[in-house]
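Report on the structure given below.
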Amino acid sequence: MSLAQDLDSGVPPVKFRRTVLLMIACSLSLLALPAAAMSTAPRWQSAKVVSLPSGATGLPNGFLPALSCPSAGNCSAGGAYSESSGSVQGLLLSEVKGVWKTPTRLVPPSRADADPSLTINALSCATTGNCAAVGSFEDTHSNGQSFVADEVNGVWKGAQEVNLPSNAGASVQNSEVHSVDCWSPGNCSAIGSYLDDTTPTGYAQGLEVNEVRGVWGRAQETALPPDTNVDPYVDINQVACTHAGNCVAVGSYISQDNATEGLIITEVNGAWKSATAAVLPGNASAYPSALLSEVTCVSTNNCTAVGTYTDVTGGVEGMTVTETHATWARGLAMTMPSGAAANPHTFFYGYGGLACSSIGNCSAGGQYLVGTSTYEGFFINEVKGTWQSATEMALPAGAQMAGRNGGVVAVSCRSAGNCSAGAAYLDASSEYQALVINEVGGQWEAGLKITLPTGNNTVGVDGGVYGLICHATGPCTATGSYLKTLTNYEGFTVTTG
């Protein structure tokens, strides 16, 4: 993924700090399939241009973060598009039986500004044609507000403003819903952030908001651990649900010692419980700058999260945190590939970079530093409950490296050891390219460059693969963006065939 970031601090760029270390929470269907049935790698086709609504000029910053596929060949995607007037509108895309339909503009909430700056951060589809979208928009007072929107039987309703918790700031607000997961039509859980009414500047708090039988309730404030700082700077990134009202969300908060800690929030039978701090690996610094970026659940009370923390030497390391039978274990430090820098600056993009096909069998990917200026992608697998050492993402012939804005972004598995991933890298001409990588029988193969639509030769700094989803059978689908002109991004879709 070609996304600008500050790797020296180990913190993702501001625009992804709240919205993505989400993603995108796309709802992945990871179905079991015997390894023998996946003996060969899927074949990826050339990318196709995403059609945009009439009057659209492109995708702002190449941002097309949301993808959800309830079944193979039936997907929804979302983000934002720019109009010739400069206004930014919500973009909705729909694939039905392998065919992408005419795009849809999401109607903004009633209090939206004439330029709503509406962006869809995440999508989740319980069934084909029954989905929920979440994100943010700008109101008539230039405040950032949260929205939710529903698709019912193939028709998208207008977005509705989220009713924030009672202590939300009224005059200044910067609210956003980051992630959503739906287990049946009209029944979803979503998470995000808002500013409370502390003066003169509101404090960033977490929120949870649920939809029950088609009705979105009022958002509630996240109940934080007892050691929380007065200004907690809560950042909830992603939510994953298994069935009716049983979910887990992850992120970070600041403790009373001014240390940034990993955050875990559990929902049980529709009720959100008080959050707890993730127990970090034993070599974590007293000021660990910990962040849980992504989470996925195989079944209720059996979930896995990935993130980063700072160790006692000042290195930014990757970690996994696992819940087994409702108990979260201490985080485990990732062993990076041979040749990683002493401070590997481990980084996860926070989209769909973690996938688990069964309990104890997971795959994840991200980026790390080699030497002083070489950035590479990596994969790390859990096999029968044991996390293996990470391996470096193998690039196509002639590639320079993954690049400062490259590496693994999205991972999805058909079965244990048989997965596909989306990534980005720098080619011999110092242009960023998108690629897909297949894992067959537990071995990650060399990446394959995605052939962009005719006449285009780079995904640019902000483009690349954002989402990728595979099912046990049928085609895989990936979505992303590429640089059409010097400043204009367009979307693409690509499938296996």
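Observations, loosely collected:
- Residue within the range 225-239 that is over 20 Å from the mean Cα position of the chain (by Cα), polar (S, T, N, Q) and either over 26 Å from T313 (Cβ atoms) or not in a strand (DSSP E or B) (or both) present: yes
- Of all residues in the range 116-129 being surrounded by fewer than 24 Cβ atoms within 10 Å (Cβ to Cβ) and touching a strand residue (DSSP E or B) at 6+ places or on another chain (Cβ under 6 Å), the one that is farthest from V155 (Cα to Cα): S117
- Here V172 fulfils each of the conditions (1) crowded, with 19+ Cβ neighbours inside 10 Å; (2) closer than 24 Å to D115 by Cα apart from (1).
- Matching residues, the range 339-371, being hydroxyl-bearing (S, T, Y), modelled with pLDDT of 95 or more and assigned to a loop (DSSP other than H, G, I, E, B): T346, Y349
- Residue in the range 317-340 that is touching a Leu at 6+ places or on another chain (Cβ under 8 Å) and either among the acidic types (D, E) or closer than 21 Å to P232 by Cα (or both) present: no
- S415 out of contact with any Cys (no Cβ under 9 Å at 6 or more places or on another chain), surrounded by fewer than 24 Cβ atoms within 10 Å (Cβ to Cβ) and within 22 Å of G467 (Cβ to Cβ): yes
- Among the conditions (1) among the hydroxyl-bearing types (S, T, Y); (2) within 18 Å of D181 (Cβ to Cβ); (3) part of a loop (DSSP other than H, G, I, E, B); (4) modelled with pLDDT of 95 or more, the only one that T296 does not satisfy is (3).
- Residue count for the range 131-153 under the criterion of being in contact (Cβ under 8 Å) with a residue 60 or more places away in the chain and surrounded by fewer than 20 Cβ atoms within 10 Å (Cβ to Cβ): the result is 1.
- Test result for V279, in a loop (DSSP other than H, G, I, E, B) and of a type outside the set (D, E, K, R): yes
- Taken together, E376, E392 contain a single residue that is of a type in the set (D, E) and either surrounded by fewer than 24 Cβ atoms within 10 Å (Cβ to Cβ) or at pLDDT below 95 (or both), which is E392.
- Residues in the range 468-477 that are surrounded by 21 or more Cβ atoms within 10 Å (Cβ to Cβ) and either of a type in the set (S, T, N, Q) or under 22 Å from T487 (Cα atoms) (or both): T477 alone.
- Single residue of T266, T322 found to be in contact with a Lys or Arg (Cβ under 9 Å, 6 or more places away or on another chain) and either of a type in the set (A, V, I, L, M) or outside any loop (DSSP other than H, G, I, E, B) (or both): T266
- Of all the criteria given as (1) modelled with pLDDT of 95 or more; (2) within 16 Å of T479 (Cα to Cα); (3) part of a loop (DSSP other than H, G, I, E, B), the one not satisfied by G58 is (3).
- Hits in the range 248-263 - residues which are among the small types (G, A, S) and in a strand (DSSP E or B): A249, G251, S252, S255, G262
- S289 without any contact (Cβ under 8 Å) to a residue 24 or more places away in the chain and either closer than 21 Å to R404 by Cβ or over 19 Å from the mean Cα position of the chain (by Cα) (or both): no
- Whichever residue in the range 216-248 is under 14 Å from Q205 (Cβ atoms) and in contact with a His (Cβ under 9 Å, 6 or more places away or on another chain) and, among such residues, is surrounded by the fewest Cβ atoms within 10 Å (Cβ to Cβ): D235
- Any chance T308 is surrounded by fewer than 23 Cβ atoms within 10 Å (Cβ to Cβ) and of a type in the set (S, T, Y): no
- Residue match in the range 399-411 (condition: out of contact with any helix residue (DSSP H, G or I) (no Cβ under 7 Å at 6 or more places or on another chain) and free of Cβ contacts under 8 Å to residues at least 24 places away in the same chain): no
- Complete set of residues in the range 66-84 that are modelled with pLDDT of 95 or more and farther than 18 Å from C476 by Cβ: G78, G79, A80, Y81, S82, E83
- Matching residues in the range 426-485 - criterion: being assigned to a loop (DSSP other than H, G, I, E, B), closer than 19 Å to N61 by Cα and either in contact (Cβ under 8 Å) with a residue 12 or more places away in the chain or hydrophobic (A, V, I, L, M, F, W, C) (or both): E431, L452, P453, N456, N457, T458, V459, G460, V461, D462, G463, K484
The values are calculated or read from the model by the stated rules, or taken from the named source; none is laboratory data. Just so it is clear, the structure is predicted and the values come from calculations on it, not from any experiment. FYI the Cβ positions are ideal-geometry reconstructions off the backbone, even for glycines, and counts take in every protein chain you see.
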